[in-house]
Structure formats: structure tokens, C-alpha cells
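Quick note: the coordinates plus some simple rules give every number you see, no bench work behind them. Since this is a predicted model, take the numbers as computed values, not measurements.
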Amino acid sequence: MARIGSYPSEVKLATLRTIAARKRVSQSDLARITGVSRQAVSKWFRSGQGEVQIRSPHLKALAAGLGVRADVLLSDLPGLGAEERRQLRALLLWDRSYPDLDAFLSALVDGEPRALGRLVEAYGLFGAAKLLGDSVWSRYPKYRQHVHPARRRGLERLWQWRNSQATI
């Protein structure tokens, strides 16, 4: 990994994409924040490389604008390698209801009902609650219409059973 003080630094594009998507920052916004042209930012994302060279002053501006430390942009995000991302895309994005995994994960963090429904459809109520916490149970009535009807029937019984246990 390149040191922040070096000139230029190698920013991990997957990390930058994820953070920008989570914060809903467009490529034009990135250009403005960083102090480079929109064409330069577009070139970063089209490069097909895993990393992009950014000068230290631009890196510092980018990190400040995104509200993260500069070293975060120089590192891979933990937990999602290429194979894991491929498997998650196949499991969760099979119908292309979200443009990419980062958009889906951002929607989950925001509590979007469609994303919660897809996660519960794929992992079940217990699995989704293990990933996101017990709010998955309490929010079920808000997102259940986003679960496939065949899967929903079983989830309804499980949800009712758990609610009856909670009142005992």
C-alpha cells in the first residue's frame, strides 16, 4: 500500500465506488470535491484497473469530502473479495433490481423495504436478523410485500410464531 505522503497515491476503486455509492456522491460530485475534471474521474472508473493514481492533495480533498480518512481509500474494504461479491450478486441481484451490489448494500443500510425483502427472501428471517439485527423482525410488516409470495407464506408463519413467543 502506498503511503499517504507519497506522490501519487493508489486509491482502490472498489473502495471509492462503495463509499461514493453509500454517500450518494456522483462522479461529478467527486470531481468537484477532488478538484479535478469530470473527465478525469470518469477515466478513473472506466480504467478497468483495481487502483487509480491520485495526487496527494487530491487524495486529501477526496477523503475530506467523503468524510473518511485518506488511508481508507488506499485499502480494500474488508470481507468482500471477488468470489464473495460474485456469489452475492447471483443470490441477491439475479433480477437486476439494483444496478450493483454496492447499491443494494446501501439500500439495506438505509432500511429500504425492497432490499430488506430480498435479503429475507434469500437468507430467511433468522439469517437476516443475524446480519442486520432484530429490527428485521419488527419491520417485517413493512417489507413483506417485497418477498416472493411462495416464500412469504412460510415467513408469515414463522413471524407469527416468533411474535406469539415474545408475548409469553
Rounded, prolate or oblate (a/c below 1.5 giving rounded, otherwise prolate when a/b exceeds b/c) for segment 101-141 by Cα gyration tensor: prolate
Per-residue ³J(HN,Hα) for segment 137-153, Karplus 6.51 cos²θ - 1.76 cosθ + 1.60, θ = phi - 60°, Hz, x for Gly and Pro: 5, 5, 8, 3, x, 7, 10, 4, 5, 8, 9, 4, x, 5, 6, 4, 4
Taking amide H positions as placed 1.01 Å from N in the peptide plane, with prolines and chain starts having none, which residues 5 or more places from E51, or on another chain, fall under 5 Å of its amide H? L13
Across the chain, how many lysine pairs, 8 or more positions apart or on different chains, have C-alpha atoms separated by under 22 Å? Please give the number. 7
How many percent of Cα pairs in segment 51-168 exceed 22 Å? 48
Ellipticity estimate at 222 nm from DSSP helix runs (n ≥ 4, -39,500 (n - 2.57)) divided over the chain, nearest 500: -18500 deg cm²/dmol
Using alpha-carbon positions, the gyration tensor of segment 24-102 gives root eigenvalues a ≥ b ≥ c; with a/c under 1.5 called rounded, otherwise prolate if a/b exceeds b/c, else oblate, the class is prolate
When 1/r is averaged over all different Cα pairs and the result inverted, which Kirkwood radius in Å belongs to segment 40-85? 12.0
